[in-house]
Protein chains: 2
Amino acid sequence: MFKTLEKASRSTRRPAAEVLEKLKLNSDGLIPAIAQQFDSGEVLMMAWMNREALDETLRTGRVCYYSRSRQALWRKGEQSGQVQQLQSLHLDCDGDTILLKVDQTGPACHTGRRSCFYVQIDNDEAVITSDPEIAPETLYGHKDDTK
Amino acid sequence: MFKTLEKASRSTRRPAAEVLEKLKLNSDGLIPAIAQQFDSGEVLMMAWMNREALDETLRTGRVCYYSRSRQALWRKGEQSGQVQQLQSLHLDCDGDTILLKVDQTGPACHTGRRSCFYVQIDNDEAVITSDPEIAPETLYGHKDDTK
């Protein structure tokens with residue numbers, strides 16, 4: 001399916017169900033999903049989805065991942081309130097990665113920072129590039145609710 | 001290390017070597033790396049790096065991945081000429097994903113499209129959202145040089 005779509009021109013349409021059926025999940029049944037703030041373009045985080053999380057995300061418009069540590073569906077923001085509303089969902093050329101354009105309420109990161117990518121490698125140093133917008137204790141109480 | 005950095009405030013610096021040492025590679029020794037065009041914010045592709053590819057990327061400033069299909073270092077653009085110059089490199093909160101801000105020459109995708117994410121799920125349909133900028137035959141001859 002994805003090989004066929006390579007040759008398809010812009011605006012070609014196929015039934016979504018047939019395309020989603022051909023997604024390449026890894027041996028754990030998971031596929032990486034990148035979340036990007038739809039208007040600013042900021043990359044917020046990367047997490048994993050199983051087929052159920054993907055279907056729920058498409059059905060509800062609210063992003064749901066699969067937590068590998070908890071081995072359960074992870075409705076982003078269910079504890080913290082920092083939800084992701086789906087704006088659009090995109091698949092890559094070989095069907096093994098998802099790009100979610102989302103509208104992120106507050107911080108995406110469990111540390112309270114807007115984005116999870118706050119450690120920059122700058123020559124011989126690693127530099128912290130942002131501060132939390134909200135203290136994690138405020139987001140989660142004393143529970144550690146990450147992936 | 002990454003747990004400690006969660007509490008660090010903006011502009012905190014640590015030796016890069018110590019941080020990179022603690023990256024969480026998967027059981028194949030790989031870590032996902034997202035490539036984003038540094039100025040437009042467009043997410044171009046996701047691929048994988050091993051430690052050697054990461055070190056080479058940091059050392060040379062030209063992005064090098066690890067090809068899972070070829071089981072070899074994959075210097076992006078080595079066949080097609082469509083290289084990625086690294087602008088900055090970022091790690092996520094738990095040290096298991098890399099974000100590369102790059103300057104992409106031409107198309108990132110082996111299909112000749114600018115971005116690999118050209119299949120959008122739009123309700124019950126999958127829609128092709130872009131056309132190739134360069135024919136893949138021009139980029140690769142008749143060889144299929146993908147990941």
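The values are calculated or read from the model by the stated rules, or taken from the named source; none is laboratory data. As the structure is a computational prediction, the values presented were derived from the model and not from experiment. Cβ sites come from the backbone with ideal geometry, for glycine too, and all protein chains shown count toward neighbours.
Against the conditions (1) outside any loop (DSSP other than H, G, I, E, B); (2) touching a Phe, Trp or Tyr at 6+ places or on another chain (Cβ under 6 Å), A:GLY95 satisfies every one except (1).
Exactly one residue out of A:SER67, A:SER80 is more than 12 Å from the chain's Cα centre (by Cα), farther than 19 Å from B:ILE34 by Cβ and touching a residue at least 12 places away in the same chain (Cβ under 8 Å), and it is A:SER80.
Matching residues to (1) crowded, with 21+ Cβ neighbours inside 10 Å; (2) at pLDDT 95 or above; (3) in contact with an Asp or Glu (Cβ under 7 Å, 6 or more places away or on another chain):
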position	(1), (2), (3)
A:LEU44	yes, yes, no
A:ARG59	no, yes, no
A:SER67	no, yes, no
A:ALA72	no, yes, no
A:LYS76	yes, yes, no
A:HIS90	yes, yes, no
A:GLY112	yes, yes, yes
A:ASP124	no, yes, no
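Only one entry in B:ALA17, B:ALA35 is surrounded by 15 or more Cβ atoms within 10 Å (Cβ to Cβ), modelled with pLDDT of 95 or more and closer than 18 Å to A:GLN120 by Cα, namely B:ALA35.
Out of A:TRP48, A:TRP74, which single residue is of a type in the set (Phe, Trp, Tyr) and in contact with a helix residue (DSSP H, G or I) (Cβ under 8 Å, 6 or more places away or on another chain)?
Only one candidate qualifies: A:TRP74.
Filter region B:101-123 down to the residues that are farther than 15 Å from A:THR129 by Cβ and in a strand (DSSP E or B) and list them by number. Result: B:VAL102, B:ASP103, B:GLN104, B:VAL119, B:GLN120, B:ILE121, B:ASP122.
Note on region A:92-104: residues that are out of contact with any helix residue (DSSP H, G or I) (no Cβ under 8 Å at 6 or more places or on another chain) and buried (at least 22 other Cβ atoms within 10 Å of the Cβ) total 5. A count restricted to region A:105-131 and to residues that are out of contact with any helix residue (DSSP H, G or I) (no Cβ under 8 Å at 6 or more places or on another chain), touching a residue at least 24 places away in the same chain (Cβ under 8 Å), more than 7 Å from chain B (Cβ to nearest Cβ) and closer than 29 Å to B:LEU58 by Cβ stands at 3.
Consider region B:124-133. How many of its residues are assigned to a loop (DSSP other than H, G, I, E, B) and of a type in the set (Val, Ile, Thr)? So the answer is 1.
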